[in-house]
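The values are calculated or read from the model by the stated rules, or taken from the named source; none is laboratory data. Since we're looking at a predicted model, the values are computed, not measured. Note: ideal-geometry Cβ built from the backbone for every residue, glycine included; neighbour counts use all protein chains shown. Heavy atoms of the whole protein, side chains included, go into the accessibility calculation; ligands, DNA and RNA do not. Shrake-Rupley method; radii C 1.70, N 1.55, O 1.52, S 1.80 Å.
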Amino acid sequence: MSENHSPYTQLTRYLSADILKNKKAFSWRRIIIRCIKQPQHRYIFWWRIASYLYSTNSHFCKARARKMNYSLIRKYGIEIMLGAQIGEGIRLPHLTGIVINPHCIIGKNFRIRQNTTVGIKVDEGTRRLVIGDDVDIGANCCIIGNDITIGHNVTIGAMSFINKDIPDNAVCYTEKSSKIIIKT
């Protein structure tokens, strides 16, 4: 993620990986046509543009990026905050209820499903969540902590609560009990 590319080159590389899946050469025409034909790509397209504008030093561009992100939150119900660093190849199979904190550094080929939160516990101290490459997070997960590192090639099962580091090449899930408690 910290390669020496210009921000524009990085934007085009990310859009090519996210929307064209690196199957064809990048062109703005291909990207726009794909977004028109496949609406699920529109969120990623506009979030990448807003993130690109937010990374500039221009106060006007940052204000425009915040406005774009706020519109995306209202329209899609997804809160991937500006400042979050997400590598190429992000996949959002279901566009609903995803929250990602701006203090996250996420690697390539990241897949996150609906109703999942990746956030910090408190606003004090170290605020850093690092998620490696090729991570797959199931539905209804909650990853909360101030200094958490999730390794590469990790699969997190549905309905899991994660508040500790996870090593590389792991499958992680929260064990659930089949006991149903009904109070009347």
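Values computed for the structure shown
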quantity	calculated
Helix 59-76 axis, angle to the chain major axis (alpha carbon atoms, nearest 10°)	50
Net charge contributed by nearby residues that have their C-beta within less than 14 Å of VAL122 (K/R +1, D/E -1)	0
Area accessible to solvent at ILE181, 1.4 Å probe radius, in Å²	130
Whole-Hz ³J(HN,Hα) from phi, Karplus 6.51 cos²θ - 1.76 cosθ + 1.60, for the range 20-37, glycine and proline x	8, 6, 6, 8, 10, 5, 5, 8, 4, 4, 4, 4, 5, 4, 5, 5, 5, 6
Label point distance in nm, ASN22-LYS183, each placed 7 Å from Cα along Cα→Cβ	5.2
Nonlocal amide H pairs with ILE166, under 5 Å, H built at 1.01 Å	THR149, ILE150, GLY151
Spin-label zone in the range 74-94 - amide nitrogen under 17 Å from a point set 7 Å from the Cα of THR9 along the C-beta vector	88
Three-way shape call for the range 52-160 based on the alpha-carbon gyration tensor, with the a/c threshold at 1.5	prolate
Debye, to nearest 20: dipole size of the chain, +1 on Lys, Arg Cβ, -1 on Asp, Glu Cβ	1040
MET159 - accessible surface, heavy atoms, 1.4 Å probe, Å² rounded to 10	120
Student exercise, the range 50-135 dipole from Lys, Arg, Asp, Glu Cβ charges, in Debye to nearest 20	300
Nearest-ten-degree value, helix 40-54 long axis tilted from longest Cα axis of the chain	70
Spacing of the two label points (7 Å from each Cα toward its C-beta) at ASN57 and THR149, in nm	3.2
Cross-link reach list, lysines versus LYS62, counting only Cα pairs under 24 Å and skipping chain neighbours closer than eight places	LYS75
Proximal lysines relative to LYS183, as straight alpha-carbon distance under 29 Å, when same-chain residues fewer than 8 apart are discounted	none
Cα-based helix-to-principal-axis angle, 7-19 vs the chain, degrees rounded to 10	60
Residue-by-residue Karplus 3J(HN,Hα) for the range 81-88, coefficients 6.51, -1.76, 1.60, Hz, glycine and proline x	6, 5, x, 5, 9, 10, x, 5
Reachable lysines, given that their alpha-carbon falls under 20 Å from the alpha-carbon of LYS164 and they are not under 8 places away in the same chain	LYS121, LYS176
